[in-house]
Amino acid sequence: MNQEIRLRFAPSPTGALHIGGLRTALYNYLLAKKLGGKFILRIEDTDQTRFVEGAEKYIIDSLIWAGLVPDEGVGFDGPYGPYRQSERTAIYKENVQNLINKGYAYYAFDTPEELEKMRAELATEANTMPKYDYKSRLKMKNSLTFSKEDTENYLQSGKPYVIRLCVPVNEKVQIKDIIRGEVSFQSEELDDKVLIKSDGLPTYHLANVVDDRLMKISHVVRGEEWLSSTAHHVLLYRYFGWEAEMPEFAHLPLILKPNGKGKLSKRDGAEFGFPVFPIDWKKDNDYFPGFREFGFLPEAVLNFLALLGWNSGTEQELFSLHEMIQNFSLEQIGKGGARFDFDKAKWFNAQYIQKSDPEIIKREILKLYKEQNLDPNETQINIIYSLYKERVHLLTEFYSQAKYIVTDQFDLNKDFVEKKWNNDAYEKYLRLIEDLKNLDNWTKERLEPVLKNFMEKESLKMGEVLPSLRVMLSGTPMGPDIYNMILALKREDLLERIEKNLEKLKTAK
Ligand code: GLU
């Protein structure tokens, strides 16, 4: 094993970073920090056809929001750069030349039509998708079948060509995966993967192996979809002469849909009504909400993501980043997929809202209101925080549930108006307003007898009065203790508001 501990997160900038990607980044970060090493961000942008403008910035912004700040990488510098693969083309070319010289890679000149033809000709019922491999390569146009001279001429002609890995026959390719144990492949199962594409850029396989080597990566921790590629990677390490110092591998289980059926995808977010991206992603007509905009604290997101796959071996559920670093190990990651549960994610967020520094939460509250062009004063922020911090699951609920403290611009709950409100009570509430007007120096102790008296006198039950008053005050029938709600507003404002909303209730019916 390499001596230095260096882990990389190596996303391709093909769109927004899915939370599965953020979890991969988190696990890399945790292990790097636990072992006293470095966390590196490498951008794998060699596939020009899938490149999406803005995706790289999105990835960096997401990592920063989550608090997983790279020690090295794109946007962070470091001694092993450049960290963007599109800037390393010469390095790959030089390395692949080495493989060609040793006979481990070869030039292939087949056109797409010729490849199609080969597939059609070799297809059998048992093998409908014949590969470019040890069986077919000698029937194709490449430097194995061309003379040296023809090969030279072809290369000079300027016509497109690719470079392929010459996969051996009858070799066992073994991967020691920290999570999955030994995984082995027989080399005949593997195709002659393209290493350099016709546009001169490397494929993922070549660039990934060369960079992991040159960037001195000690552990490769990535999604399980890359496990089968690892067989080719091991062959590359072998042929480059680096096999003895290969990184250690760990392939992470999938994050599954809430119903456990299949991988959580970006479309599931829209379908189930929750975010699957760390922060908002907007591009052309594409819009996907982020956990941040939904009202999640980054600490909560990291905590629930960590536990989607990692089992700390204890009952403890709440882990600060520091505690995660201390407790984390790849050996405690399960092989099976982990089901995403949005309610559980919200539970984590509620815990973090309660235990975070109040000043941080109050700042978030102020930000939310400012976004709505409202300007609550310090007293109002304090009231919103203390009345709601144990009631909300999302930061945004500090606005949706508590905005009545700052503004009287809200709608009256439709369901309540239609199903619960009865205009017979109208006159009764007018009398309550009179009673309230006659009361000064409002405190809970002074208000309580007035309300009790009112209920008795008018033969109304608590279950009718509290929701009705809450609707007049805040628009919704639910909320914290009614006296706290009343006292959250100025006496004059409150009286004016319930008078106005009582009229609204009457006319809405
Ligand atoms: N570029 C690959 C991705 O987008 C990286 C896989 C790896 O970590 O090797 O996930």
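The values are calculated or read from the model by the stated rules, or taken from the named source; none is laboratory data. The structure presented is a predicted model; accordingly, all values stated were derived computationally and were not measured. So basically every Cβ, Gly included, is an ideal-geometry build from the backbone, and we count neighbours across all protein chains shown.
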* Given the structure, is K500 touching a residue at least 60 places away in the same chain (Cβ under 8 Å), assigned to a helix (DSSP H, G or I) and surrounded by fewer than 17 Cβ atoms within 10 Å (Cβ to Cβ)? -> yes
* To do: Provide a single number: the residues in segment 1-16 that are away from the ligand (no atom under 12 Å from the Cβ) and within 28 Å of N285 (Cα to Cα).
  => 1
* Structure fact -> A careful count of residues in segment 17-59 that are buried (at least 21 other Cβ atoms within 10 Å of the Cβ), more than 11 Å from the ligand (Cβ to nearest atom) and farther than 24 Å from W310 by Cα gives 1
* Limited to segment 132-191, what total is found for residues that are in contact (Cβ under 8 Å) with a residue 40 or more places away in the chain, assigned to a strand (DSSP E or B) and crowded, with 16+ Cβ neighbours inside 10 Å? -> 9
* Among L214, L206, L201, which is surrounded by fewer than 18 Cβ atoms within 10 Å (Cβ to Cβ), within 16 Å of the ligand (Cβ to nearest atom), closer than 30 Å to D61 by Cβ and modelled with pLDDT of 95 or more? -> L214
* Structure fact -> A126 vs (1) in contact (Cβ under 8 Å) with a residue 60 or more places away in the chain; (2) among the hydrophobic types (A, V, I, L, M, F, W, C); (3) out of contact with any helix residue (DSSP H, G or I) (no Cβ under 6 Å at 6 or more places or on another chain): all pass except (1)
* **Unique residue being acidic (D, E) and within 25 Å of H233 (Cα to Cα) when the list is E152, E125, E171, E121** => E171
* To do: Using the structure shown, decide if L451 is surrounded by fewer than 18 Cβ atoms within 10 Å (Cβ to Cβ) and more than 30 Å from P289 (Cβ to Cβ).
  => no
* Is at least one residue of segment 230-238 in contact (Cβ under 8 Å) with a residue 60 or more places away in the chain, within 15 Å of the ligand (Cβ to nearest atom), surrounded by 14 or more Cβ atoms within 10 Å (Cβ to Cβ) and among the polar types (S, T, N, Q)? -> no
* **Among the candidates E248, E225, residue that is without any contact (Cβ under 8 Å) to a residue 40 or more places away in the chain, within 14 Å of the ligand (Cβ to nearest atom), touching a Leu at 6+ places or on another chain (Cβ under 9 Å) and closer than 18 Å to E182 by Cα** => E225
